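Peer 1: Dropping a structure here in structure tokens format, bear with me for questions.
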Amino acid sequence: MHELFEYIFNNDEKDALRHLVSTLKSSSKQYFLRNEISQAYADYCYQSEKPAYFYHSSSIGKLISYTHEIILEDNSIWFVVRPRIAIQEVWWVADDLNHFELKTPQALLDVRDRLRNSYQPLILEIDVTPFYKIPSISDPRNIGQGLSYLNHYLCNELLNDRDYWLEVLFKALQRIHYDETPLLIGSNISNGTQLAQQAKLALEIVNQQPPDEPYEKFKNDLQALGLEPGWGNTALRVRETLELFQRLIENPESAILEAFVSRIPAVFRVVVVSIHGWLAQEDVLGRTETAGQVAYVLEQTQNLEHKLREDIELAGLTELGIKPQIIILTRLIPNCEGTNCNLKREKVTGTENAWIVRVPFREFNPEVTQNWISKYEIWPYLETFALDAEQEILTNLGGRPNLIIGNYSDGNLVGFLLARRLKVTQCNIAHSLEKPKHLFSNLYWQNLEEQYHFSAQFTADLISMNAADIIITSSYQEIVGTPDKIGQYESYKCFTMPHLYHVVNGIDLLSSKFNMIAPGVDEEIFFPYTETERRSQSVSHRVHDLIFTQEDPHVFGKLEDQNKRPILAVSPITSIKNLSGLVECFGQSQELQEYCNLIIVTNKLYVDELSSEEKGEIQRIQDAIEQYQLQEKIRWLGMRLPNIDLGEAYRLIADKQGIFVHFASFEAFGRTILEAMVSGLPSFITEFGGASEIIDVEEDRFHINPTDLEGTAKKILYFIDQCINDTNYWQQTSEWVIQQIRNKYNWNLHTKQLLLISKIYGFWDFATQENQEALLHYLDALYHLMYKPRTEKILEEHMQR
């Protein structure tokens, strides 16, 4: 960047920069974001009649393309530039454009505080840089592939020092027990060299057995050598595992390490933490703000239990009576409004030994704690909840878990507290982080504190994401965004909360703890419309009537022509889901109305007893319908459909060769997109957020900009025109989107990768000399000195209710 600034300052492009700065100053604002900067530069180029190459390829054009913020101060101009993904630089430029300097993150944070008239010369600085050692990913393109990186790193170390790593392998395997029962290695093997020798002798024994010979028939011979159960359930399986072990010693490669570790029985008991939602079954599935998370947790648990059961059987451990155990840990809600959320235990449907275990909040004020508590208000109760839950976990599991998986900010913090006390592997899944969803939420946190309590939440996020051994994300963008937009985790790297603290470096984005593992979709419910033998005629008729014809108090609109191609949207009523924008887009396009009907399935139709955000969005939808006279071109279902009905709704739209549109202003991922696509619906997806990764970048014909209503309508109309001109086009696209989901987004792949990563990271504890206690003590200090005082203020408010 230094060369770029120097070039601009030493030639005619300096005049362009001077004009741009002058234009920004004339607006009377001080803080400018990327879109505003880009628009001001585009206006300058247009007014100055600059050629196209100047806009794109000049030095100032490149600078503007890298610039994400400009802050104007007296005699100073501050540029926050992002020359590469995950890398930010701060440049100070003198007001006369005669001098520039690279500045520290601390200088930028001071500037932002001054912008708020909140500058303090001495303020707490949070910086995790000293605690992140090797291994660290060097190429930003590999961010989110921590498992692959660790595999390569470990194998390189193994190759460099065979004797040392053989000993590490021995110690890693020796520690594996189920309660007091040793697995894999018995006490009469005392070192790595001896293990390698005994494994070779064991291989000779199993080579003499028929491939399908049960392990029980020759286990005594292996145990005499010091090899305990866990190598496999048949002679073939044991032989393959022993061969992988030998190959790993003789010729370490990442693929061999991965294959070997995937067979090791090291995970038997799992705790999945999801605190604040209405977590129940029977189509309860959370409130509006948690429905996707609850569905994710239940489906992940069902598939995780199946995978663990399969792994235990293949390892030959069923004869020992070993079974997988999974707990979904959530809160018990006494005033449960007719749901099961007041039951202490509830078996997870479709599993043998997975349970929802509910622990009540302590009754600081029963008027609050006996009811559902919003995710913004829950913070004062998490510590005592974790302490009470610890004993429930140990009682229900009969021992310590091997893995704790947190969900969302509150679940991840409880995961941190439990993992810290129980000394087990901690995995974080955020789903969606609040900080990047609310513009300037950190800078103006004091103004938002009464409603959102962001000071507690953002501090909790910093603690749990740094404490976690593993962070699972659904997409690359969730971590580091795109060249044009910073990622959700990246937003925690450097920020200020005036009068509270400065975060100089809040997370190492190059850490190998980040792993992209996309969720799956429940294909028992959501399956292609072409699989007619699986479809219930009674359900189909009921849902068809509801969508297209039935009069109901919770349905608005009467379709004038039901034969038009339907456009379907499914989402809750929130401003960020932007259904009002979709209705506006449809209303502005006479061509779309000519060819299509619009069908929206959401959770509400009326404004009674709703939040101000929901009321505003419903009113905007109603206003657009009235303005464009869409009453006979739209069906608006304001009710939550049971999953069985929703699955059939997607298929009914596909029967009519319809399409699905996800019009959100921002979407971290988007479960409904997976559901629609696997049902066979060609889908148009917002380009803002990780959801856009569901469809390959090359297929940008299906990526839409929800702020460009005309452009979105044109993309949809172009697709419809293709379908009209080629009768096979819709069908070909439908088959393609089905395969996209089945190949990349399935729970079997998700659970396989999740368990493999947890095993690799458990192994990593023995493969390095790095001590995490210093980091954990640092995070403990943040917890007790910063987080808890914030929660105590919330509790004081609750006690007054």
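Peer 1: What's the number of the only condition in (1) among the hydrophobic types (A, V, I, L, M, F, W, C); (2) under 30 Å from Ala664 (Cβ atoms); (3) part of a helix (DSSP H, G or I) that Leu443 fails to meet?
Peer 2: Every condition holds for Leu443 apart from (3).
Peer 1: If you take the residues of the range 157-201 that are modelled with pLDDT under 85 and touching a Pro at 6+ places or on another chain (Cβ under 8 Å), which of them is nearest to Val424 (Cα to Cα)?
Peer 2: Trp165
Peer 1: Of all residues being in contact with a Leu (Cβ under 7 Å, 6 or more places away or on another chain) and not in a loop (DSSP other than H, G, I, E, B) in the range 148-177, which is farthest from Pro252 (Cα to Cα)? Just the residue, please.
Peer 2: Restricting attention to the range 148-177, the residues satisfying the condition of being in contact with a Leu (Cβ under 7 Å, 6 or more places away or on another chain) are 151, 154-155, 165, 170, 173, 176-177.
Next, from what is left, pick out any that are not in a loop (DSSP other than H, G, I, E, B): 151, 154-155, 165, 170, 173, 177.
Details: Asn151: 10, Leu154: 9, Cys155: 5, Trp165: 10, Phe170: 15, Leu173: 17, His177: 25 Å.
Among those residues, the one meeting the criterion is His177.
Peer 1: Something else about it: Could you tell me how many of the residues in the range 303-326 are part of a helix (DSSP H, G or I) and without any contact (Cβ under 8 Å) to a residue 60 or more places away in the chain?
Peer 2: Final tally of qualifying residues: 4.
Peer 1: Working carefully through the options Leu147, Leu195, find the one that is touching a residue at least 40 places away in the same chain (Cβ under 8 Å), within 28 Å of Gln753 (Cβ to Cβ) and either surrounded by 13 or more Cβ atoms within 10 Å (Cβ to Cβ) or not assigned by TED's automatic domain parsing to the domain that holds Ala255 (or both).
Peer 2: Among Leu147, Leu195, only Leu147 is touching a residue at least 40 places away in the same chain (Cβ under 8 Å), within 28 Å of Gln753 (Cβ to Cβ) and either surrounded by 13 or more Cβ atoms within 10 Å (Cβ to Cβ) or not assigned by TED's automatic domain parsing to the domain that holds Ala255 (or both).
Peer 1: For the range 305-351, name all the residues that are at pLDDT below 95, acidic (Asp, Glu) and in contact with a helix residue (DSSP H, G or I) (Cβ under 9 Å, 6 or more places away or on another chain).
Peer 2: Glu319
For every residue, the table says whether it meets (1) in contact with a Lys or Arg (Cβ under 8 Å, 6 or more places away or on another chain); (2) surrounded by fewer than 18 Cβ atoms within 10 Å (Cβ to Cβ); (3) hydrophobic (A, V, I, L, M, F, W, C).
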residue	(1), (2), (3)
Thr234	no, no, no
Gln246	yes, yes, no
Asn251	no, yes, no
Val273	no, no, yes
Gly277	yes, no, no
Gln281	no, yes, no
Thr290	yes, no, no
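Peer 1: Next question. Please go through the range 506-559 and give me each residue that is of a type in the set (Lys, Arg) and surrounded by 20 or more Cβ atoms within 10 Å (Cβ to Cβ), ordered by number. Steps first, please.
Peer 2: Here is the first cut: in the range 506-559, the residues of a type in the set (Lys, Arg) are 513, 534-535, 542, 558.
Residue satisfying the conditions is Lys513 alone.
Peer 1: Please find, within the range 55-76, the residue that is surrounded by the fewest Cβ atoms within 10 Å (Cβ to Cβ) out of those that are of a type in the set (D, E, K, R) and under 36 Å from the mean Cα position of the chain (by Cα).
Peer 2: Top of the filtered list is Lys62.
Peer 1: I'd like the residue in the range 457-505 that is assigned to a loop (DSSP other than H, G, I, E, B) and acidic (Asp, Glu) and, out of all such residues, is surrounded by the fewest Cβ atoms within 10 Å (Cβ to Cβ).
Peer 2: In this case the residue turns out to be Asp484.
Peer 1: Under 6 Å between Cβ atoms, at least 6 apart or on separate chains: pull out the pairs that start in the range 2-16 with a residue that is hydrophobic (A, V, I, L, M, F, W, C) and end on any residue that is assigned to a helix (DSSP H, G or I) and surrounded by 17 or more Cβ atoms within 10 Å (Cβ to Cβ).
Peer 2: Sorted first by the residue in the range 2-16, then by its partner, the pairs are Leu4/Ser59; Leu4/Leu63; Ile8/Leu17; Ile8/Ser59; Ile8/Ile60; Ala16/Ile60.
Peer 1: Do any strands (runs of 3 or more DSSP E) entirely within the range 575-671 hold 1 or more residues that are closer than 29 Å to Pro436 by Cβ, and if so, which?
Peer 2: Working: elements: 596-602, 634-638, 659-662.
Correct list: 596-602, 659-662.
Peer 1: A further question follows. Answer with yes or no whether Trp231 is under 30 Å from Pro572 (Cβ atoms), touching a residue at least 12 places away in the same chain (Cβ under 8 Å) and hydrophobic (A, V, I, L, M, F, W, C).
Peer 2: Values: under 30 Å from Pro572 (Cβ atoms): no; touching a residue at least 12 places away in the same chain (Cβ under 8 Å): yes; hydrophobic (A, V, I, L, M, F, W, C): yes.
Considered against the rule, which asks whether it is under 30 Å from Pro572 (Cβ atoms), touching a residue at least 12 places away in the same chain (Cβ under 8 Å) and hydrophobic (A, V, I, L, M, F, W, C), Trp231 comes out as no.
Peer 1: Among the residues of the range 583-598 satisfying the criterion of being surrounded by fewer than 24 Cβ atoms within 10 Å (Cβ to Cβ) and among the hydrophobic types (A, V, I, L, M, F, W, C), which is farthest from Thr707 (Cα to Cα)?
Peer 2: Cys596
Peer 1: Same structure, new question: I need the full set of residues from the range 672-683 which are assigned to a loop (DSSP other than H, G, I, E, B), out of contact with any Leu (no Cβ under 9 Å at 6 or more places or on another chain) and either surrounded by fewer than 24 Cβ atoms within 10 Å (Cβ to Cβ) or not hydroxyl-bearing (Ser, Thr, Tyr) (or both), in order please.
Peer 2: Correct list: Gly680, Pro682.
The values are calculated or read from the model by the stated rules, or taken from the named source; none is laboratory data. This one's a predicted model, so the numbers in the text were calculated from it and none came from an experiment. Reconstructed Cβ throughout: ideal geometry from the backbone, glycine too, with neighbour counts over all protein chains shown.
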